[in-house]
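Just below is one structure, and these are the notes that go with it.
Values quoted throughout were computed directly from the atomic coordinates according to the rules given, and no laboratory measurement underlies them. Just so you know, these numbers come straight off a predicted model, no measurement behind them. Cβ placement follows ideal geometry from the backbone for every residue including glycine, while neighbour counts extend to all protein chains displayed.
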Amino acid sequence: MTPRASTLAIMRRPTVIRRRFRLCALAMAVTIGTLAGCTAGPDPGPDLVIKQDGAGGQPPSTAAAPPPLEVPATDLKWSDCTDETVARFGVAALPAGITLDCAEFANSVTPGVQAVETITVSAVRARSSATPAGAPPLVLTSGTDLASARTLVSLASGGGAALLAGNPVVSIDRRGTGESTPLDCMTTLERNTLLSNGFGQAANDNAERERRIVAAGASASDGCTETLSPHQVQFTTNNAAADLEELRVLWGVEHLGIIGVGNGAAVALAYAGLYTDHVARLILDTPAPYGANAQTSAQQIADGTNAALRTFSDQCRALSCSLGADPAATIAGLLERARAGDVGGLSDTDILLALTTAIALTPGDRPNVIRTTADMLSKADDGTLGPLRAAIEQARLLRGSDGQLLSRCNDTTEPVGQNQVADLVTQWSQQYPLTGSNAALGLLRCSGFPSGDATPTLGELPVPVLVLRGGGDPINGPVATDGVNGALVGAGAEFSMLTWEGLGYSVLSHSDCAGKAAIAYSLSGEPPTTGACPA
């Protein structure tokens with residue numbers, strides 16, 4: 001393999017670099033620039049209707065009022081980037097009255113250590129014409145699922161617009177992803193092999209795919225280590241939390257209100273564990289697994305996303321969509337043909353990635369989204385692959401960057417060996433027919449990659465927590481929410497949970513019921529009674 005430039009060489013000879021990873025000199029301090037990133041979300045849904053059912057965590061405390069949210073004493077240098085964002089992502093124009101502002105700030109590559117190198121962290125602020133002047137901001141992160149800025153625009157374009165009536169929301173792209181020092185440390189072959197779970201033009205039995213994944217993972221790990229050393233394990237959840245802490249310090253406030261969506265909930269919880277005294281609000285929106293080992297995390301997501309695809313199939317059938325009388329069977333058949341190399345060279349992994357991304361993020365009313373997604377799959381089943389190829393390309397851009405892959409590996413604990421995966425493929429394929437095989441093979445992507453520090457165990461939290469459970473989340477599924485609730489219970493935390501059974505990524509991006517509940521929580525620090533938001 002061609003030798004890859006070291007980090008220091010990258011700093012000395014920027015004109016010959018093919019990698020996008022960059023470390024900025026500390027003397028440059030904070031560079032303010034333009035950032036883009038986002039996507040439109042679906043319809044906002046009905047008004048606030050909370051059904052009280054008595055479930056959830058401990059009742060909100062009345063012993064001590066949570067600290068208030070604060071207006072930054074020293075703000076970032078924001079510049080309007082609404083048009084740039086829309087153009088960059090090719091999304092529809094944002095709803096009238098929604099504006100986006102962009103800025104950047106710097107943090108040490110190694111938080112807590114006065115290092116020479118820094119990373120650039122990108123921020124996007126969303127406001128609406130209804131956002132009160134001088135209202136304190138909430139901070140949003142979606143971790144490695146998507147660039148946080150993209151999740152923010154889904155929120156601002158859908159049900160989350162209700163939240164903007166109370167507070168501006170500032171998204172922070174997780175380091176190494178989106179526009180926060182994006183990484184480029186893998187070859188095209190390595191990246192494609194990992195993203196397709198070892199799919200190739202010949203011999204696509206599981207054993208051969210496992211071999212390819214392990215080989216690509218080891219090679220990519222060597223390349224990323226060579227490019228990033230000695231900072232190859234500085235892209236963890238804990239370090240992402242440290243970037244939020246740097247923002248708090250720059251703002252000159254004592255506390256942050258944080259919205260963690262999906263994997264971003266892990267960043268929010270890590271912040272609560274590491275910087276407990278600086279938490280004012282904590283909203284966990286369809287949280288991904290927290291503190292679980294690799295096998296448990298993968299199984300929870302396989303279970304939850306399989307359930308979301310079953311929900312999609314049931315709704316598709318009810319709408320008489322183009323996938324026929326049994327949409328789940330049609331999807332399963334298409335994936336099986338892809339595994340055999342019979343869908344124009346497209347892998348089953350890429351088809352699943354495109355399908356779940358389309359369900360998660362396509363704007364518009366749900367029936368139209370379901371029909372449009374079904375048409376894409378039915379055309380592919382008939383041999384017309386153009387729409388599916390375009391969807392795969394877009395899904396990879398959104399969810400398959402080098403920074404996302406590396407960060408997930410940095411966060412992996414107790415990795416699963418190749419000798420265990422074959423049994424898991426068999427077992428999970430039976431338990432989760434649409435997602436199990438893919439999830440099991442994906443356990444090998446981090447072969448050879450180093451892991452960073454484990455996320456902190458949660459101690460006593462100073463504020464009640466609002467948990468939003470999305471029953472039809474196709475990226476992480478709802479199963480991990482139960483594990484996160486268990487962690488909150490174990491920490492003695494007070495929390496309330498609102499459940500939304502609709503189909504899509506991020507409850508706040510779809511349900512104005514959740515948005516209004518979040519406004520009330522941001523104002524008072526007391527979440528609503530556990531219940532349900534209408535679908």
Computed lengthening from Ala218 to Ala165, 0.36 nm per intervening residue step minus Cα-Cα distance: 14.3 nm
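Figure the gain on full extension for Ala340 and Leu189 (residue separation times 0.36 nm, minus the Cα-Cα span) and round it to one decimal in nm. Could the numbers behind the result be given before it?
On the way: separation 151, 0.36 × 151 = 54.36 nm, distance 2.04 nm.
52.3 nm is the gain from fully extending Ala340 to Leu189.
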Alpha-carbon centroid distance for the pair region 314-391 / region 238-297, whole angstrom: 34
Amide H contacts under 5 Å for Leu140, placed H, 5+ residues apart: Val170, Ser171, Ile172, Ile259
Solvent-free Debye scattering, log10 I(q)/I(0), computed from the Cα coordinates of the chain at q = 0.09 Å⁻¹: -0.60
Net charge contributed by nearby residues that have their C-beta within less than 14 Å of Met376 (K/R +1, D/E -1): -2
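What percent does the relative contact order of region 321-372 come to when contacts are Cα pairs within less than 8 Å and at least six residues apart? Let's see the in-between values first.
Numbers: 24 pairs, mean separation 14.4, N = 52.
Averaging sequence separation for qualifying contacts and normalising by length gives 28 percent for region 321-372.
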Contour minus Cα-Cα distance for Asp326 and Val113 (0.36 nm per residue): 71.0 nm
Placed amide H near Leu444: partners under 5 Å, 5+ positions off or other chain: none
Projected label distance in nm at Asp205 and Ser129, using a 7 Å step from Cα toward the beta-carbon: 6.5
Placed amide H near Cys81: partners under 5 Å, 5+ positions off or other chain: Leu100, Asp101, Cys102
Ranked Thr237, Thr457, criterion: other C-beta atoms within 10 Å, fewest first: Thr457, Thr237
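Add +1 for every Lys or Arg and -1 for every Asp or Glu among the other residues with Cβ under 10 Å from the Cβ of Val343, and state the total. Could the numbers behind the result be given before it?
Numbers: positive: Arg337, Arg339; negative: Glu336, Asp342, Asp348, Asp350, Asp381.
Result for the neighbourhood of Val343: -3.
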Relative contact order %, the chain, counting alpha carbon pairs below 8 Å whose residues are six or more apart: 24
